[in-house]
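*Asks:* One structure, pasted below without further comment.
The values are calculated or read from the model by the stated rules, or taken from the named source; none is laboratory data. From a predicted model like this one, the values you see are computed outputs, not experimental measurements. Cβ sites come from the backbone with ideal geometry, for glycine too, and all protein chains shown count toward neighbours.
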Amino acid sequence: MAKGEGIGKQSWKPGNVLSPVPVVLVSCGGTKGWQPNMITIAWAGSVCSDPPMLSISVRPERYSYEIIQDTLEFVVNVPSLIQAKATDWCGMVSGRTVDKFAVTGLTPAAALKVGCPIVLECPLNIECRVQQSLNLGSHTMFVAEVIAVQVSSKLLDAKGLLRLEKGGLLAFAHGQYFALGRCLGRFGYSIQKRPSPVRRSAPPKRG
Ligand SMILES: Cc1cc2nc3c(=O)[nH]c(=O)nc-3n(C[C@H](O)[C@H](O)[C@H](O)COP(=O)(O)O)c2cc1C
């Protein structure tokens, strides 16, 4: 009997099966002579709390790779369910041959601190400046500092608290999109006497 079989496990060849992951629309361009563009990215993650930093991994053959490599700026736009189809579509076609903003009808709007546009319809826009790029193999990881954040005011409740779940968030797992469902509790609910599902606008320090 192969190792693992006895406990109901199969051995798979090593691959990137980490799930679920976010799926985001990364906007870039709009500066240094580049047209504004959007690329769908699933290989994205938070990597540091202070300073706030995140990473996106992009294949060098992508048009957006050329843009980001040159401008060292991008915006991570977190889509809601309403932008799910457009998010998939932006991952199927290249900005080399098509103006993705024009075709999707999504609106490029001014960012606060970077030259590239935000995607206005996305509820959360995270403006980033590249600090490092790491050539890892198939993908280059851009490690970037978050230098500004814009949040849709529609997601703030009467007390000004951020209710991100109202946006209808998406997740990506093993090649499929999912709508995020029921909230199980807030960070630390396992040790609280009365767990509350409500998320505050300033998230507790986790990482
Ligand atoms: C759900 C999804 C996730 C994707 N994730 C990535 C990714 O993390 N990195 C990447 O380089 N390409 C990723 N892609 C592929 C690019 O989005 C796609 O090749 C896109 O057309 C590139 O656009 P561009 O040439 O305008 O930059 C993904 C596509 C989809 C649909």
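*Asks:* Among the residues of the range 139-172 satisfying the criterion of being of a type in the set (S, T, N, Q) and part of a strand (DSSP E or B), which is nearest to Leu72 (Cα to Cα)?
*Replies:* Thr140
*Asks:* Something else: Out of Lys9, Lys3, Lys32, I need the residue that is more than 15 Å from the ligand (Cβ to nearest atom), in contact with a Ser or Thr (Cβ under 6 Å, 6 or more places away or on another chain) and either part of a loop (DSSP other than H, G, I, E, B) or more than 26 Å from Glu145 (Cα to Cα) (or both). Which one?
*Replies:* Within the list Lys9, Lys3, Lys32, the selection yields Lys32.
*Asks:* Go through the range 90-134 and give me each residue that's within 16 Å of the ligand (Cβ to nearest atom), closer than 21 Å to Val47 by Cβ and over 17 Å from the mean Cα position of the chain (by Cα).
*Replies:* Across the range 90-134, the qualifying residues are Ser133, Leu134.
Listed here are the residues, each with its yes/no results for (1) modelled with pLDDT under 85; (2) more than 29 Å from Ile67 (Cα to Cα); (3) out of contact with any Ser or Thr (no Cβ under 7 Å at 6 or more places or on another chain).
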| position | (1), (2), (3) |
| --- | --- |
| Leu155 | no, yes, yes |
| Ala171 | no, no, yes |
| Arg186 | no, yes, no |
| Arg194 | yes, yes, yes |
| Pro197 | yes, yes, yes |
| Pro203 | yes, yes, yes |
| Gly207 | yes, yes, no |
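Residue-by-condition table, conditions (1) of a type in the set (A, V, I, L, M); (2) within 23 Å of Phe172 (Cβ to Cβ); (3) crowded, with 16+ Cβ neighbours inside 10 Å:
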residue	(1), (2), (3)
Ile68	yes, yes, yes
Arg96	no, no, no
Asp99	no, no, no
Ala110	yes, no, no
Leu120	yes, yes, no
Glu127	no, yes, yes
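*Asks:* Of all the residues that make up the range 58-109, how many are free of Cβ contacts under 8 Å to residues at least 24 places away in the same chain, over 25 Å from Thr140 (Cα atoms) and assigned to a loop (DSSP other than H, G, I, E, B)?
*Replies:* 2
*Asks:* Next up: Within the group Pro20, Pro79, which residue is over 19 Å from Thr107 (Cα atoms), surrounded by 13 or more Cβ atoms within 10 Å (Cβ to Cβ) and not β-branched (Val, Ile, Thr)?
*Replies:* One residue alone meets the criteria, Pro20.
*Asks:* Hey, among the residues in the range 36-57 that are outside any strand (DSSP E or B) and out of contact with any Lys or Arg (no Cβ under 7 Å at 6 or more places or on another chain), which one's farthest from the ligand (Cβ to nearest atom)?
*Replies:* Restricting to residues being outside any strand (DSSP E or B) and out of contact with any Lys or Arg (no Cβ under 7 Å at 6 or more places or on another chain), the top hit is Asp50.
*Asks:* When both residues are 6+ apart or on different chains and their Cβ atoms are under 8 Å apart, which pairs have a first residue that lies in the range 122-138 and is part of a strand (DSSP E or B), and a second that is of a type in the set (Ser, Thr, Tyr)?
*Replies:* Between residues of the range 122-138 that are part of a strand (DSSP E or B) and residues that are of a type in the set (Ser, Thr, Tyr), the close pairs are Leu124/Ser152; Ser133/Thr140; Leu134/Thr140.
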